[in-house]
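Here's the structure, in structure tokens; my notes come after.
The values are calculated or read from the model by the stated rules, or taken from the named source; none is laboratory data. On a predicted model such as this, the values are computed, not experimentally measured, just so you know. For neighbour counting, all protein chains shown are included, and Cβ atoms are generated from backbone atoms with ideal geometry for every residue, glycine included. For accessibility, only protein heavy atoms count, side chains too; no ligands or nucleic acids. Shrake-Rupley method; radii C 1.70, N 1.55, O 1.52, S 1.80 Å.
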Amino acid sequence: MAASSVSDGADDSLQANVLNFMGRPEAYGLVSAIVERIETHASIVFLVGDYAYKVKRAVKYAFLDFSTLEKRRAACLNELRVNRRTAPHLYLNVIPVTRGEGEALRLGCEGEAVEWVLKMRRFDQAALYDRMAEEGRLRLDSMPPLAEAIAAFHASADRVLSGGLTVASLDDVLGDNAAIFAAHPESIRPQASEALAAASRDSLARLAPLLEARARGGYVRHCHGDLHLRNVVEIEAAAVLFDAIEFDDRLATIDVLHDLAFLLMDLGKRGLKAHASAVLNAYLDADASSGNLLGLAALPLFLSMRAAVRAKVELLRAVHAAPGRVDAVHEEARAYFALAQDFLMLARLRLIAVGGLSGSGKSVVARAIAPHIGAFPGAVIVRSDFERKRLFGVGPLERLPQSAYAPEVTERVYATCHKRAFLALQGGQSVIVDAVHARAREREALAALAAACGVPFTGLWLEAPAKLLRDRIAARTADVSDATPELVDVQQGYDLGSLDFTLVDATRPLEEVAAASLERIGARPRANP
């Protein structure tokens with residue numbers, strides 16, 4: 001429902017006085033200073049000097065209640081607690097605004113508290129990932145470390161082993177979304193709102209057994225809950241997650257893939273398909289158990305729900321928008337709503353093998369084409385080099401001894417790759433297997449897997465002269481592959497047998513090789529979702 005007034009009109013008026021007070025430099029003991037003010041539907045943040053001061057709005061929504069002073073204090077304390085999990089150096093303490101003699105307001109002093117403020121360490125707004133994305137500065141190579149940070153956070157988060165609670169809470173979110181959409185027919189057509197609600201509930205009912213099993217398996221945890229680009233900042237070259245949901249722990253106690261879906265959706269909304277693909281694949285690589293591969297079946301619903309939540313937030317934000325901004329905010333809500341519809345559309349599954357001798361560019365091509373294969377955010381990449389390192393329990397950049405490349409070990413690596421490919425296909429996501437595939441039986445096994453799963457199979461063989469292969473390997477830095485230029489000479493003597501993969505000229509620039517590969521597969525570059 002729409003925002004309501006607080007129960008006590010005097011309290012509402014007092015908060016307006018507090019906000020006016022905090023907008024002046026003297027509130028912070030400064031004679032003169034620039035006080036920046038940032039507003040959302042739920043909070044107001046004041047940026048002064050080296051610090052940020054956050055005040056909860058005295059509002060009440062269907063999903064959030066800050067309508068009393070005590071509730072706002074509890075929310076501030078909880079925000080401090082949940083965000084110290086990922087950003088302890090940013091979140092400092094909770095301080096009062098008090099009323100002194102002559103009704104004068106003071107910040108952080110003794111006296112009767114009339115408001116509560118979360119004090120944080122300020123950071124450079126230009127380092128926010130949403131700002132970087134808007135300005136074209138968000139680097140693709142920063143996405144794997146971000147995904148790894150999220151995976152580590154999820155691994156340490158508290159578990160909730162209750163599948164029924166998970167499904168019920170998702171149903172509650174769907175109901176709240178539908179209610180707010182229904183209350184704004186000027187922005188969201190009632191017929192479209194009803195259709196999305198029905199499709200979402202059908203999807204949830206179909207996925208309920210999987211979601212319950214994932215909860216019992218420990219994949220429902222106290223996550224971030226609001227994990228989009230605006231809540232990630234780069235500090236000392238590392239991604240820092242902040243501003244987790246604080247007003248209701250239940251809303252953040254969700255499936256880890258539901259948490260990740262917000263970030264993926266946000267990247268997709270901004271047209272950063274390759275970034276979203278990189279995040280998903282790095283996150284899945286961090287899951288040694290393979291459990292999230294089957295969980296991918298729920299990703300379309302999670303993506304749709306995240307887009308719908310953003311549409312809902314935009315509609316709520318319109319209440320506080322300046323008159324000249326209302327139409328733009330409603331248009332943004334409609335864009336998110338359309339995205340929520342698109343994510344529930346089914347995509348054709350495929351299994352693709354990218355083969356070729358070391359240095360032919362398999363991994364680079366796999367990453368380039370993955371965003372354009374199957375359902376957003378693209379195909380799952382299974383890489384033999386990475387799986388070999390995982391098999392031996394070492395980091396991706398740690399070199400393995402020659403014994404780790406014995407034929408029997410390689411057979412185990414390929415078996416692992418095929419298992420992960422099978423699980424991802426069962427999870428409803430297309431797959432690219434990135435490996436040399438020098439032996440006929442390795443290629444035949446993937447074709448057989450595709451046939452067993454009832455999906456089309458395409459094998460690509462990247463071909464380039466030996467000198468170019470050696471030069472590429474010599475130029476590598478910080479790569480998971482242990483290949484050396486000398487290995488190229490060994491591989492030149494391989495008996496490849498009958499090569500039934502489609503040949504692709506890998507001597508050309510990456511863009512051309514990727515385009516040729518997509519053409520061979522019969523896929524088109526994906527437009528922005």
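Cut-off under 29 Å on the C-alpha distance; same-chain residues fewer than 8 positions from residue 269 excluded. Which lysines are left, in chain and number order?
Partners within reach: 54, 56, 60, 312, 362.
Residue 68 accessible area, nearest 10 Å², 1.4 Å probe?
So the heavy atoms of residue 68 present about 50 Å² to solvent.
So for the chain: antiparallel DSSP bridges make up what percent, rounded to the nearest 5?
Numbers: 37 of 54 bridges.
Given both bridge residues lie in the chain, the antiparallel proportion sits at roughly 70 percent.
Under the rule a/c < 1.5 gives rounded, and otherwise a/b versus b/c splits prolate from oblate, where does region 338-476 land using the Cα gyration tensor? Let's see the in-between values first.
Numbers: a/c = 1.77, a/b = 1.55, b/c = 1.14.
Since a/c reaches 1.5 and a/b is larger than b/c, the shape of region 338-476 is classed as prolate.
Hey, if we sort 494, 405 by accessible area with the 1.4 Å probe, largest down, what's the order?
Values: 494 95, 405 70 Å².
The ordering from most to least exposed comes out as 494, 405.
Sequence neighbours fewer than 8 away in the same chain don't count; with that in mind, list the aspartates and glutamates whose C-alpha is under 18 Å from residue 419.
Within the straight-line cut-off, residue 419 pairs with 285, 287, 385, 387, 408, 411, 434, 442, 444.
Hey, what's the chain come to in accessible area per residue, 1.4 Å probe, Å²?
Numbers: 22790 Å² over 529 residues.
Averaged over the residues of the chain, the accessible area is 43 Å².
Give me the accessible area of residue 367, 1.4 Å probe, in Å² rounded to the nearest 10.
Result for residue 367: roughly 130 Å² accessible.
What size of dipole, in debye to the nearest 20, comes out for the chain about its Cα centre when the only charges are +1 on Lys and Arg C-beta atoms and -1 on Asp and Glu C-beta atoms? Could you put the intermediate results ahead of the total?
Numbers: 61 positive and 66 negative charges, 149 e Å.
Dipole about the Cα centre, nearest 20: 720 debye.
In whole percent, and with a 1.4 Å probe on the protein chains, what portion of the accessible area of region 171-295 is carbon and sulfur?
On the way: 2300 of 4370 Å².
Looking at region 171-295 in its full context, I get 53 percent from C and S.
Can you give me the solvent accessible area of residue 240 with a 1.4 Å probe, rounded to the nearest 10 Å²?
So the heavy atoms of residue 240 present about 10 Å² to solvent.
Calculate one ³J(HN,Hα) per residue across region 222-232 by plugging θ = phi - 60° into the Karplus curve 6.51 cos²θ - 1.76 cosθ + 1.60, and present them in order as whole Hz with x for glycine and proline.
In residue order, the calculated couplings are 7, 8, 6, x, 9, 8, 10, 4, 5, 10, 10 Hz.
With a 1.4 Å probe and every protein chain kept in, tell me what percent of the accessible surface of region 436-529 is carbon plus sulfur. Numbers along the way, then the final one.
On the way: 2640 of 5130 Å².
Carbon plus sulfur share of accessible area: 51 percent.
So what is the 222 nm mean residue ellipticity for the chain from helices alone, if each DSSP H run of at least 4 adds -39500 (n - 2.57) and you divide by all residues, rounding to the nearest 500 deg cm²/dmol? Show your work: numbers first, answer last.
Details: 19 runs with 247 residues, N = 529.
Computed ellipticity for the chain at 222 nm equals -15000 deg cm²/dmol.
Where in region 344-359 does the amide nitrogen come within less than 20 Å of the point 7 Å from the Cα of residue 205, taken along Cα to Cβ?
Zone members listed by number: 344-346.
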